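What follows is a set of notes on a single structure, which appears directly below.
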Amino acid sequence: MGILRWIRQKKYYKRTPVLETERLILRPITPEDAEAAFVWLSDERVNKFMPYNIYKNVDEVLYWINVSLPKTKDCSWGFALKENNVLIGSGSIKFKENYNAWNFGYNLNSDYWGNGYATEAAKRMIEYVYEELGARDFCATHATDNPASGRVLEKCGLVFDHYDEYSTFDGKQTFKAKFYKMHLD
Ligand SMILES: CC(C)(COP(=O)(O)OP(=O)(O)OC[C@H]1O[C@@H](n2cnc3c(N)ncnc32)[C@H](O)[C@@H]1OP(=O)(O)O)[C@@H](O)C(=O)NCCC(=O)NCCS
């Protein structure tokens, strides 16, 4: 591994504290997680509304873990089941200047949908930036045709604010979307 990549990874691990919920550990994603992450990053159902292209092989996931993820300034976590340390999803939260709020998102292996895991993880990310980084305003967007994500936002306390839209990075697809927000004192 090159020295620059190594330094970036160190910084990523340092700014990603290990957090706990009732059933999950939120922790940095490591190269050992590549196979587990490939399961959802290669799944059409999971990525239908994502701005990036579906992942075609584990090497692309390794590039994301080794290069892309450590370069971002987001707080990004992998979500692992406490009972067996299996990585079932990931999420991130970051301050968006244009909204003056902390924007967050999440992805989950479809085998684990419908068990409240995304809500449990999202609430913990919110709690962390609220308590440790002084965050008070939160926002998130989901595709109108992806209501499960909107339900997660509602369960986290966010409320619908306005309709919006977003496009994939390659510009080939545009999704109608709903923008949610929340202010905490
Ligand atoms: C969105 C996603 C993260 C939800 O994960 P999850 O762990 O199943 O979420 P939870 O179990 O915490 O909550 C899901 C809620 O949506 C509801 N839901 C599921 N499908 C729904 C639908 N078609 N319409 C309305 N609500 C729906 C569930 O009933 C549940 O609400 P409830 O607890 O009130 O019953 C998961 O489906 C996913 O990874 N989807 C693909 C990636 C994605 O869309 N990420 C978000 C991008 S903005």
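Just so you know, all these numbers are worked out from the coordinates, no wet-lab data involved. The structure presented is a predicted model; accordingly, all values stated were derived computationally and were not measured. Because the Cβ atoms are built from the backbone with ideal geometry, glycine has one as well, and the counts that use them run over all protein chains shown.
Per-structure values
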read-out: One residue from Leu24, Leu62 being surrounded by 13 or more Cβ atoms within 10 Å (Cβ to Cβ), under 18 Å from Ile126 (Cβ atoms) and over 14 Å from the mean Cα position of the chain (by Cα); value: Leu24
read-out: Qualifying positions in region 1-53 - in contact with a Leu (Cβ under 6 Å, 6 or more places away or on another chain) and polar (S, T, N, Q); value: none
read-out: Condition check for Ser149: within 15 Å of the ligand (Cβ to nearest atom), surrounded by 15 or more Cβ atoms within 10 Å (Cβ to Cβ) and closer than 24 Å to Tyr12 by Cα; value: no
read-out: Test: residue in region 117-129 that is assigned to a strand (DSSP E or B), under 14 Å from the mean Cα position of the chain (by Cα), buried (at least 16 other Cβ atoms within 10 Å of the Cβ) and of a type outside the set (Val, Ile, Thr); value: no
read-out: Residue list for region 84-137, restricted to those being of a type in the set (S, T, N, Q), closer than 21 Å to Arg15 by Cα and in contact (Cβ under 8 Å) with a residue 60 or more places away in the chain; value: Asn85, Ser90, Asn107
read-out: Every residue from region 165-185 that is free of Cβ contacts under 8 Å to residues at least 40 places away in the same chain, loosely packed, with under 15 Cβ neighbours inside 10 Å and touching a strand residue (DSSP E or B) at 6+ places or on another chain (Cβ under 9 Å); value: Glu165, Gln173, Thr174, Lys176
